[in-house]
Amino acid sequence: MEKMRLSVRCLWLVVMMVVEFRSAESFTEELDENFRVLAMPEDAAGERYSIRLSKDYVQPSKINTDGSFADITYTDNTYKMSKPFRTHGDRLTKIIHSYFLDHSGNYFYQNATTLEWVVKSWEFLAYNAPDNTDWNWWGYQIGVPRSFWPGLFLSRGLINDTVYDDLIQRYWTDRTVWDYERQKDGFISASNLANRGFLGLFETYYKNQAIFETRRDQVLEYLTMEIVNKTTYQGEGVGADYCIHVHNLHEGFYEGNYTNSHLRRMIYNGGYGAEFLKRFGAIYIALHNSSYAVEENVLSEFINMFLECHQYLVRGRTFEPSSVGRNLDDRQRVTYWASLDSVYKVARLLLQLNYRTTELQNVITRYQNYGPTSASNALIGNRGFYASDMMVHHRQGYMATVRMFSSRTVRPETWYSSRRNNNPNGYYTGDGFVTFLQDDHEFGSRFNEVFQYYDWEKIPGTTCEYSGQVPREGMERNVGNPYGFPHHISNADFVGSASDGMYGAAAMIYDRPTVNITMKKSWFFFDDEVVCLGSDIVRRETNGATELPIITTLNQVVQDGDIAYSNSETWQYVGSDTTTNVPNAKWVHHNNAGFVFPNGADANVDSHVKTASGKTLEVATMWMEHGVEPYAYIMYPGVTIAQTEDRHANPPVEILQQDSNAHIVYQSTLDILSMVVFTGPFSFVYPNTDLSFSFTVDQPCILMIQYLESTDSLSITVSFPTHTTATVAITLGLYVTGADSTYSSSEQQSEILFYFSDDLMVAGKSQTKNFNIEPTPTTTTAAPTTTTAAPTTTTAAPTTTAAPTTTTAAPTTTTAAPTTTTAAPTTTTTGPAITTTGPAITTTESNSV
C-alpha cells in the first residue's frame with residue numbers, strides 16, 4: 001500500500017511538472033520570438049563575428065573536456081568584476097550562436113560535437129565551477145548573468161531542464177539579481193535597474209505564469225517610477241530634461257571632512273546612459289506585441305529620453321565628449337562605442353515599436369552617412385538641458401554644444417587611484433567645454449581618437465591659468481584623495497540657458513573653490529555663428545611677475561588641411577610642426593571653420609604630429625591669451641578663408657555689451673537680441689532702427705527678444721538660471737498683448753511676467769511667450785499730460801533718439817538709466833515711453849549675481 005501511495009504521489013508530481021511546463025510553454029509562447037531576436041546576433045555582421053570568434057575559442061589549447069576554458073583562471077577575481085565568469089559566458093554564447101547559424105564555412109552549425117561540448121560547459125558552470133568570490137556586486141548581479149542569458153535561452157531544449165533550473169538558481173536567484181524588496185537605491189536605479197529588470201524577467205521566463213506576471217509588474221512599476229514620474233534615487237536615472245544622470249554626488253555623501261549638502265547631478269548619456277537605453281530597450285522589445293506589453297505612457301516617455309535629449313548629443317557617429325564620463329580617454333568611446341551602442345542600435349530597436357518612426361529613421365540615416373545628407377533628415381534645433389547644465393545646437397552643417405557646471409551639478413567623472421585610472425586628466429572638462437563638429441571626423445577615429453594626445457589645459461571653450469600640468473583628482477568613492485571633494489564641485493548658482501527651440505543663450509558664473517580664477521562666461525547660438533564671451537576674470541591669489549598666463553581655447557581637434565590666420569591686410573598659413581603666435585589677430589581658419597576676434601586677440605596656433613600608444617595623429621590647437629581682460633570670439637561654421645575675412649569686416653552679429661552687468665549680442669539678420677543679465681534691474685534699448693524701444697528687466701536672468709516682422713510681434717524667451725522661485729518682470733516701451741501682459745496707458749508701457757518655480761521638474765527651464773504689438777492707445781485722461789508735455793517734445797527728442805547709443809555703451813548703462821527714465825515723460829504718446837514711475841536703475845538697488 002505504501003509503495004502504491006508513493007507511486008501515485010510520484011505520478012502526481014510528474015503530471016504537475018508536465019502541467020507546469022506546458023503552462024510555461026503556453027504563457028511564454030507569445031514572447032519566444034522577441035527573446036530569440038534579442039538573444040541572437042542582430043545582423044549578418046554580428047553573425048559573422050560570432051562565428052569568427054568561435055573558431056578562435058574552440059581550439060585544443062583553449063577548451064577542456066569538462067566544459068571549461070583552459071586559459072581562464074576562474075578564481076582570479078581581483079578587481080575584475082567577475083571577468084572569468086563573464087568571459088566564459090560571452091564565449092559560450094558565441095559558440096551557441098554559431099551552432100544555430102547556417103553560414104557557408106561554418107562547421108559549428110548543427111555540429112554534434114559542438115553541442116556535446118556546449119552541454120558539458122553548462123554543466124561545468126552549474127556544478128563544477130568554483131564559487132565566484134568577486135567583491136564587486138555588479139559583476140555577479142549584472143555582469144555574469146548578462147553574459148549567460150542569451151546562450152542559456154537558446155540552449156533551452158538542448159540541455160537538461162534540471163541543469164537549466166540549477167543555473168538559474170545559482171547565478172540568478174542565489175545572487176538576488178532582481179531585488180524588489182530592497183529599498184530603491186543606487187544598486188537598482190538607472191542602468192543598474194535596466195539591467196537587473198531585464199535579467200529579472202528572464203529569471204522567471206520558464207517558471208509558472210503567476211511568478212512571471214508578478215515579476216513583470218514589479219519591473220514595470222520601477223520603470224514607471226524612473227521614466228515617467230522621474231522619482232529616481234538621488235537623481236540616478238532620467239532627469240527632468242530627459243537626459244540621463246549617473247554617479248551623482250548624493251545628498252549626505254561625505255568624503256574626508258566634507259559632507260555634500262545637496263544633490264549634484266552628472267549627465268552620463270554617452271557612458272552609463274548607453275547601458276540604460278539599451279537594456280530598457282530590450283525590456284520593451286521582449287514584451288512587445290504581447291499581453292505583457294509596456295504601457296504606452298511609459299513607452300512615449302522612454303522614446304522622449306532618446307529623441308529629446310540623447311540624439312542631440314551626437315552628430316553622425318561622434319558623441320559629445322563630456323557626457324561619456326570617465327570613458328573619454330579609452331580611445332574609442334567618442335567616435336565609435338557611444339554612438340554605435342546607444343544611438344544606432346537603440347534606434348533600430350525602437351523602430352520596431354512603431355512610434356515616431358520618421359525621427360528614428362533619420363537618426364539611423366545620419367549615423368550611416370556620418371551626418372545628415374539633406375535638410376529632410378538633418379537634426380535642426382536648439383535645446384537647453386536645464387537639469388544637466390548643457391546647451392546643444394544643431395544645424396544641417398554643424399553641431400555646437402557647451403558643457404557647464406554649477407552648484408547643482410558635478411564635473412565629468414575622473415578616476416585616479418592605485419586601483420585604476422580612467423580619464424585622470426579630465427579636471428576641466430565641465431568648465432565650458434565647447435564641442436564644434438562639422439564633418440564627423442574632428443575627434444579622430446576608433447583606436448586613434450584625439451584625446452590620446454590632448455593638452456588637457458586646452459579644452460575647447462574653457463578658460464584657465466595655464467601651468468602645463470592638470471590637477472589629478474579622482475572621484476571614485478572611498479579611494480584616492482579623501483579630501484578631494486572641493487575639486488569636484490562649483491559654488492556658482494547662476495548657471496543655465498535659455499532656448500526657444502531654435503536659438504539659445506547659455507551662461508556660467510565660473511566659481512570652483514579649488515581653481516584660482518573666477519569669471520563670467522556666455523555663449524550665443526544662431527544659425528550661422530556661435531558667439532563666445534568672457535568677462536570679470538579675477539585671480540583669487542596673485543603672484544606678481546610670476547603669474548601664470550590665462551588662456552581661452554578655441555579648439556583642439558584633428559588637423560584637417562591648412563590653418564590660416566590674419567592680423568594684417570593679407571592672410572598667412574601656419575607651418576607644420578610649429579607653434580605660431582599671432583598678435584593682434586583678426587581671425588584663424590581651419591577645416592572650413594572661422595574663428596573671428598571682433599576686438600583682436602593675442603592668438604596662438606599649434607600644429608604638430610603627436611605620438612601616443614604607438615600611434616600618431618596630427619593635432620591642431622588654437623587658443624588666445626588674454627590675462628584678466630575680457631575675451632570675445634565668434635565661431636563661423638562652413639566658411640572659406642575669404643568668407644572668414646568678410647565676417648570680420650562685415651559681421652552680421654554685434655556684441656553690444658560685455659561687462660559685469662550684462663553680456664549682450666544682437667543678430668541683425670534674425671533680429672534677435674540675446675542677453676545674459678548679471679545685475680538687475682537692467683535697462684536697454686532694442687537695437688532695430690525700425691522698432692527701437694526701451695525695456696527694463698527687474699532681475700538677473702537670461703533673455704532673448706526676437707522681432708517677427710511678418711506678424712508684427714515679439715517672441716520673448718526667459719530663463720532663471722539660479723533655479724529658485726521667482727517672478728521676472730519686463731517692462732516694455734510698447735503696447736503689447738499676450739499671456740501675462742498688462743498695459744498702462746498712463747505710463748505708456750507694458751509689463752510682462754514670467755513665473756519660475758524651484759520644482760525640480762521645471763527649475764531652470766526656459767519659457768517662451770509671443771506678444772502682438774498693438775498701436776499705442778490714446779486716452780482722455782492722458783491727453784492733458786500729453787498736451788502739457790508737447791512743447792518740450794521737440795527739445796527732448798534728441799535725448800530719446802540718442803537712447804540706443806547711450807544705453808548700448810555698456811559700461812555706462814547702469815548710470816545712464818535714470819537719465820533715460822527722466823527723459824521719458826517728454827516723449828509723446830506716439831513713441832516708446834518710460835515714465836518716472838517705472839523701474840529705475842540705481843547702484844543702491846541693484847541685484848547682482
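The values are calculated or read from the model by the stated rules, or taken from the named source; none is laboratory data. Predicted model, so just to flag it, every value in this text is computed and none were measured. All Cβ positions, even for glycine, are placed from backbone atoms using ideal geometry, and neighbour counts span all protein chains on display.
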So the check is Cβ under 6 Å with 6+ separation or different chains; which pairs have a first residue in the stretch 436-455 that's under 16 Å from Val324 (Cα atoms) and a second one that's part of a loop (DSSP other than H, G, I, E, B) and among the aromatic types (Phe, Trp, Tyr)?
Glu449/Phe443; Val450/Phe443
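Considering only residues of the stretch 642-663 that are of a type in the set (D, E, K, R) and part of a helix (DSSP H, G or I), which is surrounded by the fewest Cβ atoms within 10 Å (Cβ to Cβ)? Before the answer, list the steps.
Of all residues in the stretch 642-663, those of a type in the set (D, E, K, R) come to 645-647, 654, 659.
Next, from what is left, pick out any that are part of a helix (DSSP H, G or I): 645-647.
On the way: Glu645: 21, Asp646: 15, Arg647: 20.
For the stretch 642-663, the residue satisfying everything is Asp646.
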Would you check which residues across the stretch 381-402 are among the polar types (S, T, N, Q) and either on the phi > 0 side of the Ramachandran plot or touching a residue at least 40 places away in the same chain (Cβ under 8 Å) (or both) and list them?
Asn382, Ser388, Thr401
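Per-residue answers, yes or no, for (1) acidic (Asp, Glu); (2) farther than 30 Å from Asn229 by Cα; (3) crowded, with 19+ Cβ neighbours inside 10 Å:
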position: Asp690; (1), (2), (3): yes, yes, no
position: Ser694; (1), (2), (3): no, yes, yes
position: Gln699; (1), (2), (3): no, yes, yes
position: Thr722; (1), (2), (3): no, no, yes
position: Thr727; (1), (2), (3): no, no, no
position: Glu747; (1), (2), (3): yes, yes, yes
position: Phe754; (1), (2), (3): no, no, yes
position: Asp758; (1), (2), (3): yes, no, no
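Condition check: touching a Pro at 6+ places or on another chain (Cβ under 7 Å), at pLDDT 95 or above and not assigned by TED's automatic domain parsing to the domain that holds Ala620. Does Val495 satisfy that? Can you show your working first?
Details: touching a Pro at 6+ places or on another chain (Cβ under 7 Å): yes; at pLDDT 95 or above: yes; not assigned by TED's automatic domain parsing to the domain that holds Ala620: yes.
The answer is yes for Val495.
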Taking the residues in the stretch 147-178 that are aliphatic (A, V, I, L, M) and in a helix (DSSP H, G or I) as candidates, determine which candidate is farthest from the chain's Cα centre (by Cα).
Val163
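Quick one: how many residues across the stretch 557-573 are in a loop (DSSP other than H, G, I, E, B) and within 34 Å of the chain's Cα centre (by Cα)?
Going residue by residue through the stretch 557-573, those that are in a loop (DSSP other than H, G, I, E, B) are 559-562, 567-570.
Filter once more, keeping what is within 34 Å of the chain's Cα centre (by Cα): 559-562.
Matching residues across the stretch 557-573 total 4.
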Can you run down the residue pairs with Cβ atoms below 6 Å, 6 or more apart or on separate chains, where the first is in the stretch 202-216 and in contact (Cβ under 8 Å) with a residue 40 or more places away in the chain and the partner is part of a loop (DSSP other than H, G, I, E, B)?
Phe212/Thr204; Arg216/Tyr292
Which one of these is at pLDDT 95 or above and either among the aromatic types (Phe, Trp, Tyr) or outside any strand (DSSP E or B) (or both): Lys521, Lys458?
Lys458
Kindly indicate the residue of the stretch 463-479 that is touching a strand residue (DSSP E or B) at 6+ places or on another chain (Cβ under 6 Å) and under 19 Å from Glu413 (Cβ atoms) and also modelled with the lowest pLDDT among those meeting that condition.
Glu476
In this structure, is Tyr292 crowded, with 19+ Cβ neighbours inside 10 Å, over 12 Å from the mean Cα position of the chain (by Cα) and part of a loop (DSSP other than H, G, I, E, B)?
yes
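In the stretch 398-420, which residues are assigned to a loop (DSSP other than H, G, I, E, B) and either within 15 Å of the chain's Cα centre (by Cα) or surrounded by 18 or more Cβ atoms within 10 Å (Cβ to Cβ) (or both)?
Here is the first cut: in the stretch 398-420, the residues assigned to a loop (DSSP other than H, G, I, E, B) are 404-408, 410-414, 417-420.
Those that are assigned to a loop (DSSP other than H, G, I, E, B) and either within 15 Å of the chain's Cα centre (by Cα) or surrounded by 18 or more Cβ atoms within 10 Å (Cβ to Cβ) (or both): Met404, Phe405, Ser406, Ser407, Arg408, Val410, Arg411, Pro412, Glu413, Thr414.
For the stretch 124-138: of the residues being in a loop (DSSP other than H, G, I, E, B) and of a type in the set (S, T, N, Q), which is surrounded by the most Cβ atoms within 10 Å (Cβ to Cβ)? Even if it seems obvious, please write down each step before you answer.
Taking the stretch 124-138 and keeping what is in a loop (DSSP other than H, G, I, E, B), we get 129-136.
Pick out the ones that are also of a type in the set (S, T, N, Q) and you get 132-133, 136.
Values: Asn132: 19, Thr133: 12, Asn136: 14.
Here the residue is Asn132.
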Counting only residues that are in a loop (DSSP other than H, G, I, E, B) and surrounded by fewer than 19 Cβ atoms within 10 Å (Cβ to Cβ), which one in the stretch 592-620 is modelled with the highest pLDDT?
Gly614
Just checking, which of Ser757, Ser745 is over 30 Å from Leu263 (Cα atoms) and either touching a residue at least 24 places away in the same chain (Cβ under 8 Å) or out of contact with any Lys or Arg (no Cβ under 7 Å at 6 or more places or on another chain) (or both)?
Ser745
Among the residues listed as Val334, Val346, Val363, the single one being in a helix (DSSP H, G or I), of a type in the set (A, V, I, L, M, F, W, C) and either without any contact (Cβ under 8 Å) to a residue 60 or more places away in the chain or surrounded by fewer than 20 Cβ atoms within 10 Å (Cβ to Cβ) (or both)
Val363
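Go through Gly237, Gly200 for me and flag whichever is at pLDDT 95 or above and buried (at least 23 other Cβ atoms within 10 Å of the Cβ). Lay out the reasoning, then the answer.
Details: Gly237 fails: at pLDDT 95 or above.
Result of the check over Gly237, Gly200: Gly200.
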So is Leu554 surrounded by 21 or more Cβ atoms within 10 Å (Cβ to Cβ), touching a His at 6+ places or on another chain (Cβ under 8 Å) and either at negative phi or part of a strand (DSSP E or B) (or both) or not?
no
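Within the group Thr259, Thr224, Thr231, which residue is free of Cβ contacts under 8 Å to residues at least 12 places away in the same chain, hydroxyl-bearing (Ser, Thr, Tyr), surrounded by fewer than 18 Cβ atoms within 10 Å (Cβ to Cβ) and touching a helix residue (DSSP H, G or I) at 6+ places or on another chain (Cβ under 7 Å)? Spell out the reasoning first.
Details: Thr259 fails: touching a helix residue (DSSP H, G or I) at 6+ places or on another chain (Cβ under 7 Å); Thr224 fails: free of Cβ contacts under 8 Å to residues at least 12 places away in the same chain.
Unique residue meeting the criteria: Thr231.
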